[in-house]
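Input: a single structure, listed below in structure tokens.
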Amino acid sequence: MSLLEQFRMDGQVAVVTGSGQGIGRGIAWGLADAGCHVVLNARRQEDLEETAAGVVERGQRAAIFARSIVDASEDLAEFTLGEFGRIDCWVNNVGGSDEKRTRALIDTPDDIFRNQLELNLTTAFQGAKAAAHRMPEGGSIINIASGAGMRGSPFTGPYAAAKAGMLNLTETLSLELAPKRIRCNAVSPGPVATEAFREVLGTGGAEDAIAATIPLGFLGTPDDIAAAVVYLASPAAKWVTGRNILCAGGRTQRGYQYTPAE
């Protein structure tokens, strides 16, 4: 097998949570490009149908699980087995916040903090459990973390704390699952221009200000994150586990953090 052929995953089955739009949609389409059938998950049926259409256009099968992933990972895993009979890759991508505003950590209500941990960390824990119990040797779990979880993150503290926990979760899982030859890695996006990104920070001046802090000079796209996921999910990364790939245009974990105007 040539090196390029090792990036193929023909006939394998991937689950991508939070794949209705944005980064999750890009990951689903990237895995379909690499040969995977894809199980799609998000809350909105219409978003998932659009993602599914893109998977089918790439010559693969898509199945839709339109439901919040909170406390639903076991059901999603069983749904996947029912549709395809196997799980080869599980991507814990769901995350973000239903509250589209920023605030200082000490001004954050307790319920908002708990909700952020549940959505961004607990769901990854539950998804990894559901996947690992059903995967064959050589399976891959990939957690979509964030550059915000690698440093102090003013005004997005609960989200950043959850993503920092996800990075430790990734390393721990990689060691515990290594005897089963199941790999667990993470991808940490920097600023990516998605629908959710623009809902929180707006467009125009804020977007330009953030792009100016990136050494390469531009915001990322969902395809940039999908490329890293495809690598980690594929046989090309069969000797890589417990690692985090920071995709951020040259920004480091100590890089500039955008501070919203008062």
Roughly speaking, what is the centre-to-centre gap between region 38-57 and region 165-187 when only Cα atoms are used, to the nearest Å? 27 Å
Tell me the net charge near K238. Cut-off is 15 Å between Cβ atoms, K238 excluded, with +1 for each Lys or Arg and -1 for each Asp or Glu. +2
For the chain, what is the charge dipole size about the Cα centre, in debye to the nearest 20, if Lys and Arg each add +1 at the Cβ and Asp and Glu each add -1 at the Cβ? 740 debye
Against the longest alpha carbon principal axis of the chain, how many degrees, from 0 to 90 and to the nearest 10, is the axis of helix 123-132 turned? 10 degrees
Determine Rg/Rh for region 35-118; Rg is computed over alpha-carbon atoms and Rh is the Kirkwood hydrodynamic estimate from the same atoms. 1.08
Cross-chain or 8 or more residues apart, Cα under 24 Å: how many lysine pairs in the chain fit that? Count them up, please. 5
Calculated from DSSP H runs of 4 or more alone, at -39500 (n - 2.57) each and per residue, what is the 222 nm mean residue ellipticity of the chain, nearest 500? -12000 deg cm²/dmol
Filter the GluC sites (Glu not before Pro) in region 23-124 down to the DSSP loop ones having no more than 15 other Cβ atoms within 10 Å, then list what survives. E99
Which one, A131, A148, P179, projects farthest toward the positive side of the charge dipole computed for the chain from Cβ point charges (K/R +1, D/E -1)? P179
On Cα atoms only, tilt of 45-57 relative to the major axis of the chain in degrees: 50 degrees
Are there trypsin sites (Lys or Arg not before Pro) in region 47-102 that DSSP puts in a loop and that have at most 13 other Cβ atoms within 10 Å, and which ones? K100, R101
Of G26, G85, H37, which is farthest along the charge dipole of region 16-97 in the positive direction, counting Lys and Arg as +1 and Asp and Glu as -1 at C-beta? G26
Size of electric dipole in region 114-185: Cβ of Lys, Arg +1 and of Asp, Glu -1, about Cα centre, debye, nearest 20: 60 debye
Rounding to the nearest 20 debye, state how big the charge dipole of region 1-70 is about its Cα centre with +1 on each Lys and Arg Cβ and -1 on each Asp and Glu Cβ. 220 debye
For the chain, inverting the pair-averaged 1/r of distinct alpha-carbon atoms gives a Kirkwood value in Å of 18.3 Å
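FYI, it's all coordinate maths here, none of it is from the lab. Quick caveat, the model's predicted, so the values are computed rather than measured. Cβ: placed from backbone, ideal geometry, glycine included. Neighbour counts: every protein chain shown.
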